[in-house]
Each structure stands twice: as C-alpha cells, then as structure tokens.
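Enquirer: Encoded as structure tokens, here's the structure I'll be asking about.
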Amino acid sequence: MSSVWILFLCFAGMIFRQCASLARDSKRLRRSGAGLGRHRVHESRRNLHFVTASEAEDVVPHAFGAPLPPVEMKIDAGRVKVSVGLVTESEDEDEFCSVSVLQQLRGSAPYIDLHHGSNMVVHLCSEVLDEEDTFQGLMDDLATLHVLGVKLVILVSVRLQVDRRLLREQAPVASRVRGLRVTGAAELSAVQVECGLARSRVEAALAKALRSGGASHGRSTIGVDVIGGNGFVSGRPVGVLDGVDTGFSGHARLVDAGKIVRHLDNGEIVLLNALAYSPSGETFNVRTEEIAARAAPALLASKLIFVTAGHELAWKHSDGSARASGKRVASLRLDDARSLLDRRSELDFKDVSSAAHQLLDLTAWCVGALEQGVTRAHLVAPTDGALLRELYTRDGAGTLISRDIYEGIRGATPSDVDSLLSLVAPLEADGTLLPRARSKLEDEVHRGFYYVLARDDLPIACASLKRLDTAGTRAELGCLVVASNYRRQSKGDALLSYLERVAIASGVRQLFALSTKTMHWFVERGFDEVELDTLPQERRDIYDKLRRPKVYRKTLKADRDVDVEDAFWTRRHADDQLEFEKL
C-alpha cells in the first residue's frame, strides 16, 4: 500500500508544481533575447495534396458517398524559418491549469501503465547546465519518471562547458571537421573534467529531487542509485576526416545493452557521458547525441528523448508570412522528418543559425534511431514540467517523431479486386458482411473508396472510407477485413489508424461504423454506440432494416490523438507477441 501512496503523492505533487510554474514560464518565454526556451524553428503547414480517382467523373468532393482520397503530406522545407522570442501557446497552458488534479491523475493513468517498465534514453543539451532552476526541474521530472517505473538511461552533453574551460585555459581554439571537434590532449582533458563535474551535479540534483519531491518521505536512504562506468560504451577513433587527424575524437563502437539492462532491472538509473574506452585502454571523446541514438535501439527503448536548448519546431502562420502562428508541431512521421533533413541545405538560417542547425542535428539523430528500430523519438524544450506533459498527457509538450507503422497501406487498384473478393468471402458467408457483386466492388475500387494493407504487394487487409454529408465533416468506415492468417498482429489497428489520419486531413470530424458482430472491437478503439438518427438522412435512407446493424461513432480531433492511440496498440501487440512466445 505504501508504494501506491508514494506514486500517488509524487505524481500529484508534480501536477501541482506544473500548474504553479506555467504562468512563470509563460512570462519568461515571452521575453526576447537568447537563452533557453526561446527559439523555434518554424515550419509551414503541410501541403495536403488530394489525389482523387473521381475527379475525371466530376464528382463533388464533399457529396454524400464520395470517397476520401489518399492524402500525401509534404513539408515545404524551403519555408522553414527561425524566430526568437516566440509567444508560448497560452491557450494550452490555461487549459492544462484549469483541469483538476484528480482529472489529471485519471487521464494520466493509462500513460503510467503504458510507460511502466519501459526503457527510455533521455539526452540533455549542455545549455541546461547553465540554468540551475531549469536543470533542477529536469532532475525533478526524471526522478518522477523513475518513481513511476520508467527505466532511465541519461546522457548530459558538456559541449559548452568544454569550450569555456578551454577558453579560460587559453588553449588554442580546436578546429572542427563536419561539425566534429578535433580532440587533442588539452581538449580530452577538458572533456574528462567536465564529464566528472556533470556527473556530480546529476547525482546531487537527483538526490535533492527525490527528497524535495516527497518520494523519500523522510527516509534515511535516497531510494535510487545512479550508476556509471567504463564498461557500458566502447569507442573507436574517428581517424582522419577530410585530411584532418581528429585525434581522440571517437565513435561509439559498441553499446553493452546486456550490462545496462541488468542495472536498469536492478532499479538503478544509468548515466552515460561523452567518454568511451577501447579494449586497449584508449579514451575517446564521443558525441553524446551519437551514444544516445546508438543506445536506444540497442536497449529496445520505447523512446529516445532529446531535451533541446529551447528550440522547437513550430508552424508558420497560415497566410504564408514569416511570422509565427504560435502553434507547436506536435508530431511528424518519419518520412516527414527525412524530407526536412533532405532539404536542409535549402534553408535560410542566417539569423539564428546555431539554434536551427542544433535542432536539425537532433532531428537527424532521431531519424537514425527510428531507422534502427526505435518506435518513437521526442524533441522537448526544457520548460518546467514539459518532459512529464509530453509523456503523460494526450496533447504533449514537444514534437513526437514516429516510425512509419503504415508500411504497405495504399489505395486499392483494379488488380486487387480478386484479392478483395477472397478477403471478404468468408465474412459474407457467415453473415458478418453483406455480399458484394464483383461489378459493384470494381466500381468502388475505381472511385477510390477502398484501401488495402499489402504484403509483397498482395492485400492481406482492406477497408473502405466514404463521406456521409456535403459539409465533409462526417464519413463512414466499412468493410474492415483482415486475412485470418494475419489476425492478432494489429493489422486492423494499423489500417484503422491510417484511415483516421486520412479522414482528419480531409476535414472529417466524426467517423461512423456500422456492425452486427464486431461491436466490441470498435468500442475498444474509441467508438461509442449512438442512435440511428445520428446518421445523416442520406445514409439513413439506405439503412438495412432487415440486418439492423448497430451504429458507432468516433470523434476525430488531431494527428496527435492518433499518435497516442498508436502507442497503445503497438504496446498491446508487443505484449501479445511476448505472451505468444512464452506458450
């Protein structure tokens, strides 16, 4: 029972602390000038390009029964800007403060369960070490994550601190090659000193966080161990780069995931730094961002989190001007992030180049980790409580970059008709679906109603999507079928999630589904049973009064909501797979 009260009081205290500090943060972030939490990279709204198979037939896009065409989301990277002194999103903050502590606890409970026992790699930029309040706040948040059952690997960059130490010691300015510091003996010595100081500060701050946050409750022990050492990451030299000997600069050769996991399972926080060692006893200076991006996939981490120096991705104003809309980019797909990085050479960062390039560098490390198997990466500014809000609230407080879980989903083509007929035949035979004439199916495929999830270009799942009103705000999901050999693999979840994104991008706010046998499946995924009168009149006119299917409705909000649901069903699928392997 005591552990339950510890968790409850810790999380309740965190929420009270967030609400009390949001107003202060808002005022601080409104001040212009350099510093933490004041830069945002502005990104123009995604161009939504609708590819309609029915355009040649002059079908009104929002007419009843019109298809919702595939949506291609592209980022106009040439219009990315950097702004200083951006006003924070006060509406989100006011909404957060207005919610009671009990509501917050109830709303956060699913996230606590989702993240409990998962490995996370959190990287802090060197700038946070210069702001004592900010640094201590982050340590409070990390201590809270630990108490809530998250297994943490923490890295702290000391790049700025090394630069200052070298300046004080009047050492020659080290050259850089492709952004990498050339590490001589003096630079390596400075890195060693600053890594030791940073470790001491982290340990002290975590001890203070646990006591001041109420988790220790007056106990004589701190309740958490921070472990570091020379056996977690081995290094290798970078060598000669563009004709320049980089000295003791190194790359991460190997991350000993097994050793790290043993410490995590023992309830310890693992602290890594920029020093990596070779089997021959050499010491290398390795970018902490690289170590974080290598450690996350090696540990099968659920998340890689970069706490930035205050930089954020934000949308430009909808009128196309350089001024900011004040809206943070809450989520990006992996392909979107790749597109941004592919065109980074076209971006104009003359005004705040360091802020923009630092953020894009972190984005690149996120992309690399996602390509190696990490499902989600986050960019979070170091404002008070932002890390906890990003992980334990639906709206978040940073930018989520997620791997494409929709691989293989595409619009159906005429060549898929035979496969579609084979997919739906068993369900038509048992009465779950109405029989469909081949000619009608061919027509609906031609008009763009159907989507398929294909493996080796052979459909293994399908679904249809149609508009229900001329306003374009209501649509119907139908004929969602997964081949029997691929059920219990979350294929249906992936297809539903994809079609929800298509609907949201097309302006749909209410998604309907009619069912006679699979009602619970829809209810478990956020649909509510509603009365027949809720359907538009045109749809009620063709309602099958003999079969009398039940009507279900789901309110669609934003991509971020779909991201959250993706996290839950992918975790559920992983748990199911683990149970299956144990059998």
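Enquirer: It is to be established whether one or more residues within the stretch 142-164 are part of a helix (DSSP H, G or I), modelled with pLDDT under 95, among the aliphatic types (A, V, I, L, M) and in contact with an Asp or Glu (Cβ under 8 Å, 6 or more places away or on another chain). Before you say what the answer is, go through the steps one by one.
Expert: Of all residues in the stretch 142-164, those part of a helix (DSSP H, G or I) come to 142-147, 159-164.
Cutting the leftovers down to modelled with pLDDT under 95 gives us 142-147, 159-164.
Filter again for among the aliphatic types (A, V, I, L, M), leaving 142-143, 145, 147, 160, 162.
So of that shortlist, the ones also in contact with an Asp or Glu (Cβ under 8 Å, 6 or more places away or on another chain) come out as 160, 162.
Yes, there is a match, as at least one residue in the stretch 142-164 is part of a helix (DSSP H, G or I), modelled with pLDDT under 95, among the aliphatic types (A, V, I, L, M) and in contact with an Asp or Glu (Cβ under 8 Å, 6 or more places away or on another chain).
Enquirer: Would you be able to tell me the number of residues in the stretch 433-478 that are in contact with a helix residue (DSSP H, G or I) (Cβ under 8 Å, 6 or more places away or on another chain) and under 18 Å from Tyr543 (Cα atoms)?
Expert: Result for the stretch 433-478: 11.
Enquirer: Using the structure shown, decide if Leu114 is farther than 16 Å from Val191 by Cα, at pLDDT 75 or above, assigned to a helix (DSSP H, G or I) and not β-branched (Val, Ile, Thr).
Expert: So Leu114 passes the test.
Enquirer: Go through the stretch 354-373 residue by residue and tally those that are among the aliphatic types (A, V, I, L, M) and modelled with pLDDT of 90 or more. Quick ask: steps written out before the conclusion?
Expert: Filtering the stretch 354-373 for residues among the aliphatic types (A, V, I, L, M) gives 355-356, 359-360, 362, 364, 367, 369-370.
Cutting the leftovers down to modelled with pLDDT of 90 or more gives us 362, 364, 367, 369-370.
The total comes to 5.
Enquirer: Here's something else I'd like to know. Give the residues of the stretch 171-188 that are more than 27 Å from Glu132 (Cβ to Cβ) and either basic (Lys, Arg) or in a loop (DSSP other than H, G, I, E, B) (or both), sorted by residue number. Please lay out each step first, then the result.
Expert: So in the stretch 171-188, the residues more than 27 Å from Glu132 (Cβ to Cβ) come out as 172-180, 182-186, 188.
Across the stretch 171-188, the qualifying residues are Pro172, Val173, Ala174, Ser175, Arg176, Arg178, Gly179, Val182, Gly184.
Enquirer: Sticking with this structure for a sec: Can you tell me which of Gln136, Gln104 is crowded, with 16+ Cβ neighbours inside 10 Å, in contact (Cβ under 8 Å) with a residue 40 or more places away in the chain and more than 24 Å from Glu268 (Cα to Cα)? Spell out how you get there, then give the answer.
Expert: Details: Gln136 fails: more than 24 Å from Glu268 (Cα to Cα).
The unique qualifying residue is Gln104.
Enquirer: From the list Leu388, Leu468, Leu421, which one is in the same structural domain as Gly368 (by TED's automatic domain parsing) and among the hydrophobic types (A, V, I, L, M, F, W, C)? Steps first, answer last, please.
Expert: On the way: Leu468 fails: in the same structural domain as Gly368 (by TED's automatic domain parsing); Leu421 fails: in the same structural domain as Gly368 (by TED's automatic domain parsing).
After applying the criteria, what remains is Leu388.
Enquirer: Right, something else. Return the total of residues in the stretch 445-478 being assigned to a helix (DSSP H, G or I) and without any contact (Cβ under 8 Å) to a residue 60 or more places away in the chain.
Expert: So in the stretch 445-478, the residues assigned to a helix (DSSP H, G or I) come out as 445-447.
Now restrict to residues that are without any contact (Cβ under 8 Å) to a residue 60 or more places away in the chain: 445.
Count: 1.
Enquirer: How many of the residues making up the stretch 448-465 are among the small types (Gly, Ala, Ser) and farther than 17 Å from Ser497 by Cβ?
Expert: At the first step, the residues of the stretch 448-465 found to be among the small types (Gly, Ala, Ser) are 448, 454, 461, 463-464.
Next cut, farther than 17 Å from Ser497 by Cβ only: 448.
So the count comes out to 1.
Enquirer: Assess whether Ala252 counts as being closer than 20 Å to Thr363 by Cα, buried (at least 24 other Cβ atoms within 10 Å of the Cβ) and either touching a helix residue (DSSP H, G or I) at 6+ places or on another chain (Cβ under 6 Å) or without any contact (Cβ under 8 Å) to a residue 40 or more places away in the chain (or both). Break it down stepwise before answering.
Expert: Working: closer than 20 Å to Thr363 by Cα: yes; buried (at least 24 other Cβ atoms within 10 Å of the Cβ): no; either touching a helix residue (DSSP H, G or I) at 6+ places or on another chain (Cβ under 6 Å) or without any contact (Cβ under 8 Å) to a residue 40 or more places away in the chain (or both): yes.
Considered against the rule, which asks whether it is closer than 20 Å to Thr363 by Cα, buried (at least 24 other Cβ atoms within 10 Å of the Cβ) and either touching a helix residue (DSSP H, G or I) at 6+ places or on another chain (Cβ under 6 Å) or without any contact (Cβ under 8 Å) to a residue 40 or more places away in the chain (or both), Ala252 comes out as no.
Rundown of residues vs (1) buried (at least 19 other Cβ atoms within 10 Å of the Cβ); (2) closer than 30 Å to Leu379 by Cβ, yes/no style:
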position: Asp395; (1), (2): no, yes
position: Asp416; (1), (2): yes, no
position: Lys466; (1), (2): yes, no
position: Glu476; (1), (2): yes, no
position: Leu499; (1), (2): yes, yes
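Enquirer: Next question. Please enumerate the residues belonging to the stretch 232-285 that are of a type in the set (A, V, I, L, M, F, W, C), in contact with a Lys or Arg (Cβ under 8 Å, 6 or more places away or on another chain) and assigned to a loop (DSSP other than H, G, I, E, B).
Expert: Passing the criteria: Phe232, Ala274.
Enquirer: Additional query: How many of the residues in the stretch 442-470 are of a type in the set (A, V, I, L, M, F, W, C) and over 28 Å from the mean Cα position of the chain (by Cα)?
Expert: Residues of the stretch 442-470 that are of a type in the set (A, V, I, L, M, F, W, C), as a first pass: 445, 449, 452-454, 458, 460-463, 465, 468.
Restricting the remaining residues to those that are over 28 Å from the mean Cα position of the chain (by Cα) gives 445, 449, 458, 468.
So the count comes out to 4.
Enquirer: Next question, about the same structure. Please verify whether Val153 is touching a strand residue (DSSP E or B) at 6+ places or on another chain (Cβ under 6 Å) and within 21 Å of Leu304 (Cβ to Cβ), treating the condition exactly as stated. Quick ask: steps written out before the conclusion?
Expert: Working: touching a strand residue (DSSP E or B) at 6+ places or on another chain (Cβ under 6 Å): yes; within 21 Å of Leu304 (Cβ to Cβ): yes.
Here the answer is yes, as Val153 does meet what is asked.
Enquirer: Now for a separate question. Given the residues Val202, Val226, Val191, which is the only one that is part of a strand (DSSP E or B), in the same structural domain as Ser249 (by TED's automatic domain parsing), of a type outside the set (Gly, Ala, Ser) and modelled with pLDDT of 60 or more?
Expert: Details: Val202 fails: part of a strand (DSSP E or B); Val191 fails: part of a strand (DSSP E or B).
Criteria check complete, one pass: Val226.
Enquirer: From the list Thr432, Thr383, pick out the single residue that is assigned to a loop (DSSP other than H, G, I, E, B), surrounded by 21 or more Cβ atoms within 10 Å (Cβ to Cβ) and hydroxyl-bearing (Ser, Thr, Tyr).
Expert: Numbers: Thr432 fails: surrounded by 21 or more Cβ atoms within 10 Å (Cβ to Cβ).
After applying the criteria, what remains is Thr383.
The values are calculated or read from the model by the stated rules, or taken from the named source; none is laboratory data. Given the structure is predicted, the values throughout are model-derived calculations rather than measurements. So basically every Cβ, Gly included, is an ideal-geometry build from the backbone, and we count neighbours across all protein chains shown.
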